[in-house]
Amino acid sequence: MRLPRSLGAISLAVLLVTAACDSSISTLIPGPSGSPSASVAPSQSASAQPSPTAQPSAGPSVVSSVPSDQLTFASKLLICSDIPYPPQEFFDDQGNPIGSDIEIGQEIAARLGLEPVVVNSIFDTIIAAVNGGKCDIIISAQNITADRKKQVDMIPYFQAGQSFLVIKGNPDGIKTQESLCGRTVAAETGTTEVDYLQGTGDYKTRGLSAACTKAGKKPIDIMTFAKDSDALLALQGGQASAYFADSPVAGYYVIQHPEAFELSGLTLAVTKEGISIPKDRTALRDSVKRALNSMVADGTYLGILTKYGLQSGSIFK
């Protein structure tokens, strides 16, 4: 089922969410001043027009410069992001990337005197993409985990929990961790949600499916998909009892489609998200930190989150 492409003001302030992203490159999408490649809109995107309030500052001052040898292309900042994952990254009706992560990335680029270029990516290979030079940084609702910190430097910028989205009426009664046992849960490959279900990564000792079998119950049937939107379609199509994602994303779909979805009430593991940068690009890392700190100081960071109803996920109090 194609999702409607409209939404009024997004109000997700009561929700906290976290996601993880890895990328194989699918498209280069220009920032406000253009890009080296034509943009391509996806065939399926859950798109919406955010509230017009709390716009980021116009024409910010450059706060730091980045040596050209730290960039894939001189004068550009290539930003890997797995789209769609609204409200942090998704497409508008014209196929342009929008969302809180997108605007934070664009603002960071502006404060570094660089042109932002969004690189639409597959979450499961996004770290390989940034380390392979296909982009410069990752901003894609990516949870900070011990495993990821071994591969890239991560700058904390947001925090969120993980929630289960169900069909309206919650026909399979997904309300507690035990109620997941024997049920089918859909999630995006490479995410901490999948790690949590499978008991892998940072969740080796607290996997949800293993907890079921330890209690003498059936394991969780875990369905994984390369794109998060396909995991949502599995729930819509009746293939899964629940869709597992960061809380802001699950909450977004409830607000956009209240007749179709609801939150199960089961929310887990509030975690910080990070901007990922290759470990050998320390000058770029330090410049991104300075740009982010300047956004926090002048209110632009909180303004972007507020625009998308995500101000409760701010880590800068």
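Couple of notes before you dig in:
- The packing ranking, built from the mean of other Cβ atoms within 10 Å per residue, places the peptides 153-160, 97-104, 224-231 in the order 97-104, 153-160, 224-231, highest first.
- Across the alpha-carbon set of region 207-279, the Rg to Rh ratio works out to 1.02, Rh being the Kirkwood radius.
- Computed over region 162-270, the alpha-carbon pair-distance distribution with 10 angstrom bins reads 16, 53, 27, 3, each value a whole percent.
- When only Cα pairs below 8 angstrom with a gap of at least 6 residues are kept, region 162-270 shows a relative contact order of 45 percent.
- Ranked packing of 175-185, 281-291, most packed first, by mean Cβ within 10 Å: 281-291, 175-185
- Ignoring lysines fewer than eight residues from residue 307 along the same chain, the ones with Cα atoms less than 28 angstrom from its Cα are 76, 168, 227, 272, 289, 317.
- Cα Rg, Dmax, region 250-317, angstrom units: 16.2, 49
Each value in this text was obtained by applying a stated rule to the coordinates, not by laboratory testing. Just so you know, these numbers come straight off a predicted model, no measurement behind them. Neighbour counts run over all protein chains shown; Cβ positions are idealised from the backbone, glycine included.
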